[in-house]
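Just so it is clear, none of the values below were taken in a lab; they were calculated from the coordinates. In this text, all values refer to a predicted model and were calculated from it rather than measured experimentally. Ideal geometry is used to build each Cβ from the backbone, glycine not excepted, and the neighbour counts take in all protein chains shown.
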Amino acid sequence: MADLNIKNSYPIMGISIEKLKPKRVRKNIELTLWERLYIFEIIRGMHITSMHFFINLIGFVVPPKGKKRRIITVYYPEEKLTLPIAYRGRPVLVARENGSEKCVACGLCEKICPASAISIIAEERENGERYPSSYTLDMSRCVYCGYCEEVCPKEAIVMSAEYEGLARRNRNNLRFSKEKLLRSEKSVKDRIEYIRGIYAKCNY
Ligand code: SF4
Ligand code: SF4
């Protein structure tokens, strides 16, 4: 696997990305007698949970002004996180500079999608180039697995950092047409570079 060029500076309330990294899961470990008694571990867990609760509560009741906050609660929607590049938000189609889609309607994403969320109608231009005359993504079905992004030979669909506007009362409003899915290549440039690293993609 190619070396990842992942930015390591996504500060969340002053906490470095290093500290936010999940800890490695220890498998097949022998529990000590202390741990096998459970009760002490339960008390320890409750102590940690209570500490987080009270620290957040104090920070919420007495919001520090102009001071560096020690709590990591984000006051959404006034505040928004800078998401790590590995975050998988809703899939979007990548547009060329002239605004046309990079997608060649090969159908691979439609085929691989485990939720059958993608529907494509392919057509040919006069110069023989294939393109999707219709590309519909049903976000009420999408499970954000990223398979469509991984399988696409043209880097024409990527998982964006967009996560808003995906809670609707009417499921029909979650069916995104090609026009609603298109994003400029520039706006998803970082994600494209990232997936080139993780999927060892080259520029086809
Ligand atoms: S992210 Fe997964 S579920 Fe969503 S459209 Fe892509 S392949 Fe389908
Ligand atoms: S895999 Fe890529 S090029 Fe093929 S239909 Fe899907 S988005 Fe278009």
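The table for this structure:
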read-out	value
Per-residue HN-Hα couplings for region 30-43 [Karplus 6.51, -1.76, 1.60; θ = phi - 60°; Hz; x = Gly/Pro]	7, 7, 6, 4, 4, 6, 6, 6, 6, 4, 6, 5, 5, 4
Taking 196, 24, 168 and counting other C-beta atoms within 10 Å, the order from fewest to most	24, 168, 196
Sorted by Cβ density within 10 Å, fewest first, the residues 138, 190	190, 138
Distant-in-sequence amide H partners of residue 101 (H built 1.01 Å from N, under 5 Å)	96
Å³ per residue enclosed by the Cα convex hull of region 70-175	138 Å³
From phi via Karplus (6.51, -1.76, 1.60), per-residue ³J(HN,Hα) for region 77-83 in Hz, x at Gly/Pro	x, 4, 10, 9, 7, 8, 7
Sorted by Cβ density within 10 Å, fewest first, the residues 47, 52	47, 52
Potential lengthening between residue 25 and residue 129 on full extension [0.36 nm per residue; Cα-Cα distance subtracted]	32.6 nm
Sequence-distant residues sharing a close amide H with residue 182 (under 5 Å, placed H)	93
Neighbour net charge for residue 77 - beta-carbon separation under 15 angstrom, K R +1, D E -1	-3
Long-range HN-HN contacts of residue 107 with modeled amide H, under 5 Å	none
